[in-house]
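Read the structure below first, then the notes.
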Ligand SMILES: C[S@@+](CC[C@H](N)C(=O)[O-])C[C@H]1O[C@@H](n2cnc3c(N)ncnc32)[C@H](O)[C@@H]1O
């Protein structure tokens, strides 16, 4: 409903400038078809800031204050955060039947006891908590190996939701019943209709804001498994290739990369062996 005030119009020139900037900052491509969406979503911010044109808004975003305070909110507006528990569920079968047994064998030969997994582009947490459920269940039957999950995203809004670990019941359907009983707590009172992930599982997942466009990743440890699913579809080929080169760097000598089923790993595929649909092995 209109409040009677005049809505600023996003011109083609302003759209081009903003989309080129978004591409530079986070690699996300905004084709012209996204102009209406961008305009509608940013109008709310303009109203809140009492800014009357998109040009003035963009100048503000570029200012030192804007870069610190507004840019993260603008990125929240342009990112697509759709996710689900057990999304592309076949991946979790590949994980438990092939990838984890492979690591169990390898760890038995060496002296490693902690498996490190990275959910890269974790959105609101459904992916890292799915991983935590699957890994906890698997390693409860294998003595001597523990796991930790790093979950990162560029979008501050989804990270805040992920850290709370509270989910509406409507989104829990893909979680197998026995996992729901084991790993979720039913909300009471005001939290009725919601579930929260149990603390033992929450402790296994740490969250961090990270932009894939950063020159090098501020991550302390090398990874055994990287899930980066339904992220690179928003990037062009060059950005994808650069990202996979950085993932290679972030792997231990031996690791597995999971990408989304509608994504492909063209450029760097020569350096990684395809082991299942959208699953690659990286040997350095
Ligand atoms: C569609 S969600 C996918 C979530 C989850 N991986 C899944 O498959 O359900 C894509 C996520 O990638 C994040 N993303 C997009 N560009 C990014 C960037 N440059 N750096 C880090 N994360 C980014 C978005 O914020 C979004 O949460």
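The values are calculated or read from the model by the stated rules, or taken from the named source; none is laboratory data. Remember, predicted model here, so these are calculated numbers, not experimental data. Counting neighbours? That spans all protein chains shown, and the Cβs are built from the backbone with ideal geometry, glycine included.
Table for the structure above
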item: Which listed residue is surrounded by 18 or more Cβ atoms within 10 Å (Cβ to Cβ), modelled with pLDDT of 95 or more and closer than 25 Å to residue 261 by Cβ, from 153, 137, 102, 93; result: 153
item: Residue within region 192-208 that is more than 22 Å from residue 260 (Cα to Cα), part of a helix (DSSP H, G or I) and out of contact with any helix residue (DSSP H, G or I) (no Cβ under 9 Å at 6 or more places or on another chain) present; result: yes
item: Only listed residue being touching a residue at least 60 places away in the same chain (Cβ under 8 Å) and within 25 Å of residue 279 (Cα to Cα), chosen from 132, 108, 151; result: 132
item: Subset of region 203-227 that is near the ligand (Cβ under 8 Å from one of its atoms) and surrounded by 21 or more Cβ atoms within 10 Å (Cβ to Cβ) - its residue that is nearest to residue 83 (Cα to Cα); result: 227
item: Any hit, region 266-277, residues being more than 26 Å from residue 168 (Cα to Cα), within 12 Å of the ligand (Cβ to nearest atom), at pLDDT below 95 and assigned to a loop (DSSP other than H, G, I, E, B); result: no
item: Matching residues, region 177-191, being assigned to a loop (DSSP other than H, G, I, E, B) and surrounded by 15 or more Cβ atoms within 10 Å (Cβ to Cβ); result: 187
item: Filter result for residue 161 (under 21 Å from residue 75 (Cα atoms) and assigned to a helix (DSSP H, G or I)); result: yes
item: Enumeration of residues in region 58-81 that are assigned to a loop (DSSP other than H, G, I, E, B) and within 16 Å of the ligand (Cβ to nearest atom); result: 79, 80, 81
item: Selection within region 254-265 - surrounded by fewer than 18 Cβ atoms within 10 Å (Cβ to Cβ) and modelled with pLDDT under 90; result: 264
item: Out of 55, 2, 39, sole residue that is modelled with pLDDT of 95 or more, surrounded by fewer than 18 Cβ atoms within 10 Å (Cβ to Cβ), outside the structural domain of residue 160 (by TED's automatic domain parsing) and away from the ligand (no atom under 16 Å from the Cβ); result: 55
item: Which numbered condition residue 216 misses (of (1) assigned by TED's automatic domain parsing to the domain that holds residue 276; (2) modelled with pLDDT of 95 or more; (3) touching a helix residue (DSSP H, G or I) at 6+ places or on another chain (Cβ under 8 Å)); result: (2)
item: Breaking point among (1) within 17 Å of residue 183 (Cα to Cα); (2) over 23 Å from the mean Cα position of the chain (by Cα); (3) part of a helix (DSSP H, G or I), for residue 104; result: (1)
item: Scan of region 123-150 for residues that are under 16 Å from residue 95 (Cβ atoms) and within 13 Å of the ligand (Cβ to nearest atom), ordered by number; result: 126, 127, 128, 129, 130, 131, 149
item: Every residue from region 228-242 that is part of a helix (DSSP H, G or I) and either free of Cβ contacts under 8 Å to residues at least 60 places away in the same chain or more than 9 Å from the ligand (Cβ to nearest atom) (or both); result: 232, 233, 237, 238, 240, 241, 242
